[in-house]
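Notes for the one structure printed next.
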Amino acid sequence: MINGVFLDAATLGPDLDLTPLHKLPVNWQFHDFTRPDHVLKRCQNAQIIITNKVVLDESVLNQPGHLKLICIAATGMNNVDLAAAERQGIAVKNVTNYGGSSIAQLVFNVILELTTHAAGYNQLVRSGQWSKSQSFWLFDYPMIELAGKTMGLVGYGHLARSVEHLAKAFGMNVLISEQKEADNLRPGRTPFQQVVSDADIISIHCPLTESTRNLFSEPEFQGMKSSAILINTARGGIVNEAALVTALNNGDIAGAAVDVITTEPPPEDYPLIRHQPDNLIITPHIAWATLESRTRLLQQLVNNIRNSGLF
């Protein structure tokens, strides 16, 4: 029987039923998490490796063995040395298009909080401020309608299209950004700098590459509307975190929400969290993580293994 190892199965959550993997003709070894110094030993006899975030570098992939397939339980593939895998004839499969609804839901959750402040108003009610009011209402947090506002999408894959669908349902106009350094403008795209200057809300959905690292930094924040909001559910390194804090504190932009940061999980003294402005929402990389989304992810993992030709 084929041997398989899941190096960080706990990253899929305690509520996800892994029975579909157990039904495959694979002798599985499941590990909640795997430290870097344990990777080599746990992979030694495996023909199939599943990893979400555990790094599989050249030192692991060049070891003699029977490894045939690496399944990444995520869309991003930067934790696997793809060149080394190709040299060794190891197939690498990721999962795609499983989390659009989940991510779009969180994007609009934080947008609505930054524009409507329901949680802030609820706290005022809990603290007794409404009971003390001379009026029938409170107006501590000005609210903004999304209808008629402009949403800028940076990156335009499955996830961005899911956000676009909700944006249009709210009556928003949508601008799709061209790549920052592009020489030609594709049909339906808007120059990056114009999106930066015209959008009321910018939602990031591009991969982290050398060309997108620090894509949003001081010049971009200074070029945005002072009333604008930035949302990042893609990768932390796309946004310069120090510049973001400065922009929020200086009023260069009105608010931001990030579900991803450069170091995950962060140390307790992580600067972005330690100096978190009131107009910044940070969530712990959960945009993808509804049970429905993770169930679709698992089914893709199963399909990638079943269709690998190993059986």
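Of the residues L153, L248, L185, which single one is among the hydrophobic types (A, V, I, L, M, F, W, C) and under 20 Å from the mean Cα position of the chain (by Cα)?
Criteria check complete, one pass: L153.
Conditions tested, residue by residue: (1) closer than 30 Å to L166 by Cβ; (2) of a type in the set (S, T, Y); (3) in contact with a helix residue (DSSP H, G or I) (Cβ under 7 Å, 6 or more places away or on another chain).
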| position | (1), (2), (3) |
| --- | --- |
| P36 | no, no, no |
| V39 | no, no, yes |
| I49 | no, no, yes |
| L61 | no, no, yes |
| K68 | no, no, no |
| T75 | yes, yes, no |
| A83 | no, no, no |
| N122 | yes, no, no |
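Residues in segment 195-213 that are over 16 Å from the mean Cα position of the chain (by Cα) and not in a strand (DSSP E or B): V195, V196, S197, D198, A199, D200, E210, S211. Of everything in segment 228-268 that is of a type in the set (S, T, N, Q) and free of Cβ contacts under 8 Å to residues at least 60 places away in the same chain, the residue that is nearest to L112 (Cα to Cα) is N232.
Filtered by the rule that a residue be of a type in the set (G, A, S) and either exposed (fewer than 14 other Cβ atoms within 10 Å of the Cβ) or assigned to a helix (DSSP H, G or I) (or both), segment 4-27 gives A9, A10, G13.
Only residues that are on the phi > 0 side of the Ramachandran plot and in a helix (DSSP H, G or I) were counted across segment 231-273, and they come to 0. Scanning segment 157-166 for residues that are over 15 Å from I201 (Cα atoms) and either buried (at least 20 other Cβ atoms within 10 Å of the Cβ) or of a type in the set (S, T, Y) (or both) turns up L159, S162.
Screening N97 on (1) in contact with a helix residue (DSSP H, G or I) (Cβ under 7 Å, 6 or more places away or on another chain); (2) surrounded by fewer than 17 Cβ atoms within 10 Å (Cβ to Cβ); (3) modelled with pLDDT of 95 or more shows it passes everything except condition (3). Screening L24 against (1) in contact (Cβ under 8 Å) with a residue 40 or more places away in the chain; (2) under 21 Å from M77 (Cβ atoms) leaves a single unmet condition, (2).
Segment 96-165 holds helices (runs of 4 or more DSSP H) entirely within its bounds, and those carrying 3 or more residues that are among the aliphatic types (A, V, I, L, M) and in the same structural domain as S177 (by TED's automatic domain parsing) map to 100-116, 118-126. Do the conditions hold for R306, that is, is it among the basic types (K, R), over 22 Å from the mean Cα position of the chain (by Cα), surrounded by 14 or more Cβ atoms within 10 Å (Cβ to Cβ) and more than 24 Å from G120 (Cβ to Cβ)? Considered against the rule, which asks whether it is among the basic types (K, R), over 22 Å from the mean Cα position of the chain (by Cα), surrounded by 14 or more Cβ atoms within 10 Å (Cβ to Cβ) and more than 24 Å from G120 (Cβ to Cβ), R306 comes out as yes. Figure legend. Inter-residue proximity from segment 167-187: first residues surrounded by fewer than 16 Cβ atoms within 10 Å (Cβ to Cβ), second residues among the small types (G, A, S), beta-carbon distance below 9 Å, spacing 6+ or different chains. Indicated pairs: F170/A147; G171/A147; G171/G148; N173/G148; N173/A167; E181/S211.
The values are calculated or read from the model by the stated rules, or taken from the named source; none is laboratory data. This is a predicted model, so every value here is computed, not measured. When we count neighbours, we look across all protein chains shown, and the Cβ atoms used for this are built from the backbone with ideal geometry, even at glycine.
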